[in-house]
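The values are calculated or read from the model by the stated rules, or taken from the named source; none is laboratory data. No experiment lies behind these values; they were computed from the predicted model shown. Positions of Cβ are backbone-derived with ideal geometry, glycine not excepted, and every protein chain shown enters the neighbour counts. All accessible areas refer to the heavy atoms of the entire protein, side chains included, with ligands and DNA or RNA removed. Shrake-Rupley method; radii C 1.70, N 1.55, O 1.52, S 1.80 Å.
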Amino acid sequence: PRLCVVGSGPAGFYTAQHILKHHGGARVDIYEKLPVPFGLVRFGVAPDHPEVKNVINAFTQTARSERCAYYGNVTVGRDVTVAELRQAYHAVVLSYGAEDNRVLGIPGENLSGVYSARAFVGWYNGLPENRDLKPDLSCETALILGHGNVALDIARILLSPLHFLRKTDITDGSLAALACSKVKRVWLVGRRGPLQVAFTIKELREMINLPGARPVLNPADFTGLENAVKDAPRPRKRLTELMIRTALEKPGEKTMEAQAAVQAAAPREWGLKFQRSPQEVLPTADGTRARGVRMALTRLEGSGDSAKAVPTGDVEELECGLVLSSIGYRSLPLDPAVPFDTQRGIIPNSSGRVEGVPGLYCSGWVKRGPTGVIITTMNDSFDTAQSVLEDLRVGVLDTSASREGFGAVESMLRSRGVRPVSFSDWEKIDAAEVARGKAAGKPREKIVDPQEMLRLIGH
């Protein structure tokens with residue numbers, strides 16, 4: 001059987017890996033629109049979390065398998081259609097992730113100084129489409145809308161000591177911009193309460209222990225919560241207890257000198273604000289830039305994860321010159337031939353089988369929505385791969401008819417002037433990045449311009 005996977009992030013690679021491992025004869029081709037592979041492992045994981053990127057070693061083993069091939073620089077839906085891929089392969093798996101962000105849908109969202117978390121993370125991680133973002137870091141206060149791990153990542157990058165970041169694979173341009181940053185206060189704002197935050201304890205602890213930055217949590221936000229979490233699942237309980245401890249560290253218990261020393265040692269600060277829902281980004285007098293955000297105060301109806309935030313009628317204004325919206329990523333339809341639920345932002349499917357289109361599958365964020373960490377995506381992709389393997393076993397996928405696979409696609413691409421990038425081409429780009437990084441004392445210096453990548457491999 002000849003199968004292909006669209007997208008070379010964790011979902012694509014884990015799907016390919018599982019199929020290759022459990023079917024001795026299957027051949028899998030992976031298509032990727034960028035010249036470089038690995039999706040959000042390369043472009044989403046924070047530069048100061050290198051250990052999370054170790055999965056790249058396993059993906060590289062998969063790509064080097066003699067039954068696997070990688071074709072970068074090929075945009076499915078433009079350079080080749082899904083219908084053409086379905087003609088060339090016995091099965092097609094769509095694993096192209098979430099390439100857009102959810103919008104706030106409030107006035108002032110498009111003012112200068114307002115950015116999506118997705119674009120900001122893409123900027124410091126070298127995603128080509130965000131390389132010219134040039135975020136304005138000349139203000140003292142930044143406001144991040146959202147209480148997830150991505151929001152904490154951004155806060156940490158904004159407040160980290162430069163000597164920390166210099167040793168990471170953060171891009172050269174963003175490092176230079178952060179070196180001149182005036183941001184010294186970051187507020188993370190969420191519509192719901194402390195019991196509904198979406199970040200995890202590891203990320204919170206890292207933020208609390210960040211040198212030179214102090215946490216500012218309002219004790220009033222946490223009163224009575226010890227009782228509320230007594231019966232909560234252990235991760236939620238531990239996370240809440242850590243927030244409570246941090247909020248209740250009473251300054252009075254330290255001597256005045258010790259307190260002054262802490263203040264002096266921590267010129268920067270960050271804090272969590274709860275039960276506030278953004279209503280409008282407020283413009284400066286000339287109407288061009290953000291100067292703050294007006295927020296509706298909310299009360300919670302219901303409890304736990306299903307609690308809803310309802311406006312109380314009261315509002316509050318928070319001054320800031322930088323607004324980052326971290327309210328989630330969003331998948332987009334790839335090709336008119338593929339069913340898409342615009343409401344939920346996913347391809348309608350059951351266990352990864354695309355509804356109404358036999359032989360078409362999906363895995364990862366485009367299958368289940370943009371949530372979870374790499375391990376979640378791994379399990380999800382194995383689930384889709386199992387569906388493919390099952391359909392091969394029971395004959396739902398007719399493998400008696402031979403399919404040409406990349407042979408058929410290659411001639412189409414050539415006629416359309418598209419030159420795919422192979423995995424060994426990527427390894428040349430990789431080697432160049434690592435060499436440039438070494439010269440700068442970093443693990444790698446990412447190339448952010450696709451044209452430069454292609455020149456490097458002689459395309």
Q: Could you grab the pairs with beta carbons closer than 9 Å, sequence gap of 6+ or different chains, first residue in segment 96-118 and free of Cβ contacts under 8 Å to residues at least 12 places away in the same chain and outside the structural domain of Gly287 (by the TED database), second one open to solvent by 50 Å² or more (accessible area, probe 1.4 Å) and in a helix (DSSP H, G or I)?
A: none
**Q.** Options Pro194, Pro233, Pro215; residue that is modelled with pLDDT under 95, in the same structural domain as Ile154 (by the TED database) and under 26 Å from the mean Cα position of the chain (by Cα)
**A.** Pro233
Q | Met295 vs. criteria part of a helix (DSSP H, G or I), at pLDDT 95 or above and surrounded by 17 or more Cβ atoms within 10 Å (Cβ to Cβ) | A | no
**Q.** Answer from Lys367, Lys428, Lys446 - the residue that is open to solvent by 70 Å² or more (accessible area, probe 1.4 Å) and in contact with a helix residue (DSSP H, G or I) (Cβ under 8 Å, 6 or more places away or on another chain)
**A.** Lys428
Q: Mind listing just one residue for me: the one in segment 61-103 that is in a helix (DSSP H, G or I) and in contact with a Phe, Trp or Tyr (Cβ under 9 Å, 6 or more places away or on another chain) and, of those, surrounded by the most Cβ atoms within 10 Å (Cβ to Cβ)?
A: Leu85
Q: Tell me, yes or no, whether segment 404-419 has at least one residue that is in contact with a Pro (Cβ under 9 Å, 6 or more places away or on another chain), open to solvent by 20 Å² or more (accessible area, probe 1.4 Å) and of a type in the set (Phe, Trp, Tyr).
A: yes
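A quick yes/no check of all residues on (1) more than 18 Å from Lys21 (Cβ to Cβ); (2) touching a residue at least 40 places away in the same chain (Cβ under 8 Å); (3) in a helix (DSSP H, G or I); (4) out of contact with any strand residue (DSSP E or B) (no Cβ under 8 Å at 6 or more places or on another chain):
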{"site": "Tyr361", "(1), (2), (3), (4)": "no, yes, no, no"}
{"site": "Asn379", "(1), (2), (3), (4)": "no, no, yes, yes"}
{"site": "Thr384", "(1), (2), (3), (4)": "no, yes, yes, no"}
{"site": "Val396", "(1), (2), (3), (4)": "yes, no, no, yes"}
{"site": "Ser411", "(1), (2), (3), (4)": "yes, no, yes, yes"}
{"site": "Ser424", "(1), (2), (3), (4)": "yes, no, yes, yes"}
{"site": "Lys428", "(1), (2), (3), (4)": "yes, no, yes, yes"}
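Tell me, please, whether a residue that is of a type in the set (Val, Ile, Thr) and over 26 Å from Lys446 (Cα atoms) can be found in segment 49-67.
Going residue by residue through segment 49-67, those that are of a type in the set (Val, Ile, Thr) are 52, 55-56, 60, 62.
Next cut, over 26 Å from Lys446 (Cα atoms) only: none.
For segment 49-67, residues of a type in the set (Val, Ile, Thr) and over 26 Å from Lys446 (Cα atoms): absent.
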Q. Quick one: Gln451 ticks every box in (1) polar (S, T, N, Q); (2) free of Cβ contacts under 8 Å to residues at least 24 places away in the same chain; (3) in the same structural domain as Lys21 (by the TED database) bar one, so which box is it?
A. (3)
Q: Tell me, please, whether a residue that is open to solvent by less than 30 Å² (accessible area, probe 1.4 Å) and of a type in the set (Phe, Trp, Tyr) can be found in segment 114-121.
A: yes
Q | Candidate set: segment 321-349, residues that are open to solvent by less than 40 Å² (accessible area, probe 1.4 Å) and β-branched (Val, Ile, Thr); chosen: the one farthest from the chain's Cα centre (by Cα) | A | Val338
Q) Hey, among Val52, Val41, which residue is assigned to a helix (DSSP H, G or I) and open to solvent by 40 Å² or more (accessible area, probe 1.4 Å)? A) Val52
